[in-house]
Amino acid sequence: MAKPVKDKETQLREQQEAETRRRQYRTNQEETRKKLKHARFEESEPVEDTDGKAQVHLPRKRFYRQRAHSNPFSDHRLEYPRSPEDMKWEKLYPQYHDKDSDSMLSKVEIADIGCGYGGLLTKLAPEYPSTLILGMEIRVQVTQYVEDRIIALREKHKDDEVNFQNISVLRGNAMKFLPNFFQKGQLSKMFFCFPDPHFKQRKHKARIITNTLLSEYAYVLREGGVVYTITDVEDLHIWMAKHLEEHPMFERLDKAWEEQDKCVSIMYNATEEGQKVTRNKGSKWIACFRRLPTPEDCD
Ligand SMILES: C[S@@+](CC[C@H](N)C(=O)[O-])C[C@H]1O[C@@H](n2cnc3c(N)ncnc32)[C@H](O)[C@@H]1O
């Protein structure tokens with residue numbers, strides 16, 4: 001039977017109701033986030049329901065809708081530290097903070113640039129249980145979704161061996177402030193999974209792999225560190241591989257290396273964008289590059 005056609009007024013009312021529900025959901029989540037953030041520092045009891053049961057739900061993606069693209073050249077009023085030493089990492093990884101010495105027990109070593117909804121972070125967490133892993137994401141609501149997802153996972157698995165304390169996310173523009181967050185040679189792996197393709201020629205400068213940015217990535221990566229790239233857009237794959245191949249600080253890793261590396265298979269399957277490509281039976285192109293030693297006269 002054909003669906004009855006809704007008049008404009010009904011459509012408008014339904015849209016407004018949906019928006020009100022989304023806003024209400026986000027307000028509730030914001031409240032929970034505030035309480036749980038506090039709980040993380042105090043290590044106190046989880047937020048409780050009226051019946052006394054812990055109330056931690058995995059967030060629902062449909063309530064965090066945002067435009068697909070964000071202009072990396074806009075002023076997003078982002079907060080960023082003056083230098084990596086000024087960064088309050090204990091807020092992101094409270095369990096890795098030593099209160100007596102007021103210092104972090106570990107530093108971030110793996111970065112997922114443009115982490116989207118955080119699928120890769122959650123899959124890397126158990127594979128590298130004692131390594132700090134950070135997702136950087138430019139879109140506000142997407143970052144909040146990942147934050148809520150991690151808070152919920154930490155609560156849910158707080159007594160488990162894998163407790164998700166080693167993953168976190170921050171809102172940031174990786175094209176602008178990376179050296180404010182990471183020291184020289186701090187990272188061992190950087191992931192660029194399904195980055196925005198910026199198809200038009202005049203938009204290519206907004207791509208996350210450019211010659212200038214690669215020099216910054218080489219700065220924060222240690223010698224022997226790896227840049228992982230994956231995309232479903234062949235033209236972007238060719239662009240990324242070409243720029244990395246032409247850069248003096250990177251050398252391409254061959255297919256045999258890709259086949260034995262566990263992160264390659266994780267990134268192939270774990271990210272939300274990658275899963276969408278699989279569902280649509282699309283192709284995925286991978287290119288991985290090792291960070292070469294810095295020539296002595298450049299040190
Ligand atoms: C197509 S999505 C892929 C997300 C995720 N990596 C995945 O595979 O599911 C690209 C993501 O990169 C983010 N992004 C784009 N430019 C960025 C930048 N300069 N800094 C941080 N994140 C950025 C976008 O907001 C978006 O969430």
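The values are calculated or read from the model by the stated rules, or taken from the named source; none is laboratory data. All of these numbers come straight from a predicted model, not from anything done at the bench. Every residue, glycine among them, receives a Cβ derived from its backbone with ideal geometry; neighbour counts consider all protein chains shown.
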- Confirm whether T143 is surrounded by 17 or more Cβ atoms within 10 Å (Cβ to Cβ), more than 11 Å from the ligand (Cβ to nearest atom) and of a type outside the set (A, V, I, L, M, F, W, C). no
Going through the range 195-252 in order, the residues found to be in contact with a strand residue (DSSP E or B) (Cβ under 7 Å, 6 or more places away or on another chain), part of a loop (DSSP other than H, G, I, E, B) and away from the ligand (no atom under 12 Å from the Cβ) are M249
The lone condition Y268 fails out of (1) touching a Lys or Arg at 6+ places or on another chain (Cβ under 8 Å); (2) touching a residue at least 60 places away in the same chain (Cβ under 8 Å); (3) surrounded by fewer than 18 Cβ atoms within 10 Å (Cβ to Cβ) is (2)
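Quick grid of which residues meet (1) modelled with pLDDT of 95 or more; (2) in contact with a Leu (Cβ under 6 Å, 6 or more places away or on another chain); (3) on the phi < 0 side of the Ramachandran plot; (4) crowded, with 18+ Cβ neighbours inside 10 Å:
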position	(1), (2), (3), (4)
N211	no, no, yes, no
L214	yes, no, yes, yes
Y219	yes, no, yes, yes
G224	yes, no, no, no
V227	yes, no, yes, yes
D232	yes, no, yes, yes
L236	yes, no, yes, yes
A241	yes, no, yes, yes
E246	yes, no, yes, no
Picking from F177, F191, the residue that is under 21 Å from I209 (Cβ atoms), in contact (Cβ under 8 Å) with a residue 24 or more places away in the chain, within 12 Å of the ligand (Cβ to nearest atom) and under 13 Å from the mean Cα position of the chain (by Cα) would be F191
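Yes or no: F250 among the aromatic types (F, W, Y) and under 16 Å from the mean Cα position of the chain (by Cα)?
Working: among the aromatic types (F, W, Y): yes; under 16 Å from the mean Cα position of the chain (by Cα): no.
No.
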Output for Cβ contacts, cut-off 6 Å, separation at least six or different chains, first residue in contact (Cβ under 8 Å) with a residue 12 or more places away in the chain and under 16 Å from R23 (Cα atoms) in the range 136-160, second part of a helix (DSSP H, G or I) and more than 16 Å from the ligand (Cβ to nearest atom), reads D148/Q29
Selection from the range 108-140 of residues in a helix (DSSP H, G or I), within 12 Å of the ligand (Cβ to nearest atom) and among the small types (G, A, S) yields G119
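Just to be sure before I move on: is E31 under 30 Å from F177 (Cα atoms), out of contact with any strand residue (DSSP E or B) (no Cβ under 9 Å at 6 or more places or on another chain), at pLDDT 70 or above and not in a strand (DSSP E or B) in the structure I sent?
On the way: under 30 Å from F177 (Cα atoms): yes; out of contact with any strand residue (DSSP E or B) (no Cβ under 9 Å at 6 or more places or on another chain): yes; at pLDDT 70 or above: yes; not in a strand (DSSP E or B): yes.
When the stated conditions are applied, E31 passes them.
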